[in-house]
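A.B. asks: Here it is: the structure, laid out below.
Rule-based calculations on the coordinates, nothing more; no lab input. These numbers were taken from a predicted model, which means no experiment stands behind them. Note: ideal-geometry Cβ built from the backbone for every residue, glycine included; neighbour counts use all protein chains shown.
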Amino acid sequence: MALCEQLLQLTKLGLQLPTDPRWVNLAEIDLSEILTDHAYCEQKAATSCISLIQAYPDRIELVEEVAPIVTEEWGHFRMVLAELKKRGLQLGRQRKDEYVNQLLGFQDKGQPRELALLDKLLICAMIEARSCERFRLLSLHCSEEDLRGWYHKFMVAEAGHYRLFLDLAELYFGREKAQTRWKACLAFEADIMKNMVPRGDRMH
């Protein structure tokens, strides 16, 4: 618990704009919608980790650290499927992820493969940080007690993933360069959040 709270404090210090408090209430209006989006977020997280490994198989630390996350994220996908089934709900269709699509615009498309890794790692860290913040809100304010504990587990996992991607960025590019670019990523994400209307059917 202490480690989780420590990581969470780091996350809160990073994100420049908190989630609109109305989001939890909106999310509870139709659980089938938020659970469906949550499921696909976990699936896409696993796919993103696989893509990183495929693109950078020569980065030994990356392969060794990210490979277990593939398994964990897929396990999370199955957990959400089980929750849907328990509630008599079905997995809906995947929806366009406006948040992630805009966040991908942070990448400098003109960079060579090796330098592009920094932005890829930071974007992964950002998605995990925002997910951690959202899961924390659900774990604290969701009206169902069982769901509060359920979402707490996801919060803990996302906090660890967030830190791992930042650590890899600092390992490969040095702390100063990674942190300078991370601050730019945080500002970029804050602008995205300012212009997004809170939606209860989306995790981001």
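A.B. asks: Per residue of region 188-204, what does 6.51 cos²θ - 1.76 cosθ + 1.60 with θ = phi - 60° give for ³J(HN,Hα)? Whole Hz please, x for Gly and Pro, Karplus curve as stated.
C.D. replies: Each residue of region 188-204 in turn: 4, 5, 4, 5, 4, 5, 4, 9, 9, 7, x, 10, x, 9, 9, 6, 10 Hz.
A.B. asks: Continuing with this model, one more query. Restricting to lysines 8 or more places apart or on different chains, can you count the pairs in the chain with Cα atoms under 17 Å from each other? Each step should come with its number before you reach the end.
C.D. replies: On the way: LYS12/LYS183; LYS12/LYS194; LYS44/LYS96; LYS44/LYS120; LYS109/LYS120; LYS120/LYS177; LYS120/LYS183; LYS183/LYS194.
Summing the qualifying lysine pairs gives 8.
A.B. asks: Calculate the dipole size of the chain relative to its Cα centre from +1 charges on Lys and Arg beta carbons and -1 charges on Asp and Glu beta carbons; express the result in debye to the nearest 20.
C.D. replies: Rounded to the nearest 20 debye, it is 340 debye.
A.B. asks: Per the helix-only calculation at 222 nm, which mean residue ellipticity applies to the chain, given -39500 (n - 2.57) for every DSSP H run of n ≥ 4 and division by its residues, nearest 500 deg cm²/dmol?
C.D. replies: That comes out to -26500 deg cm²/dmol.
A.B. asks: Report the residue, chosen from ILE192, ILE29, ILE50, that carries the largest GNM mean-square fluctuation when the chain is represented by alpha-carbon nodes joined by springs under 10 Å.
C.D. replies: Residue with maximal mean-square fluctuation among ILE192, ILE29, ILE50: ILE29.
A.B. asks: Note the direction-averaged projected area, equal to a quarter of the hull surface, for the Cα convex hull of the chain, in nm².
C.D. replies: Working: hull surface 44.1 nm².
For the chain, averaging the hull's shadow over all directions gives 11.0 nm².
A.B. asks: Still on this structure, please answer the following. Taking 0.36 nm per intervening residue step and subtracting the Cα-Cα distance, what contour gain separates LEU115 from ILE29 on full extension?
C.D. replies: On the way: separation 86, 0.36 × 86 = 30.96 nm, distance 4.31 nm.
That pair, LEU115 and ILE29, stretches by 26.6 nm at full extension.
A.B. asks: Can you compute the label reach from LEU91? Point 7 Å from Cα along the Cβ direction, backbone N cut-off under 20 Å, restricted to region 38-72.
C.D. replies: 38-51, 69-72
A.B. asks: Next question. Please work out how much length the chain gains when fully extended from GLU144 to ALA82, using 0.36 nm per residue of separation minus the C-alpha to C-alpha distance, in nm with one decimal.
C.D. replies: Values: separation 62, 0.36 × 62 = 22.32 nm, distance 1.67 nm.
Gain on stretching GLU144 to ALA82: 20.6 nm.
A.B. asks: Note the full-extension length gain between THR47 and LEU171 as 0.36 nm times their separation in residues minus their Cα-Cα distance, in nm to one decimal. Show your work: numbers first, answer last.
C.D. replies: Numbers: separation 124, 0.36 × 124 = 44.64 nm, distance 2.28 nm.
Result: 42.4 nm gained on full extension.
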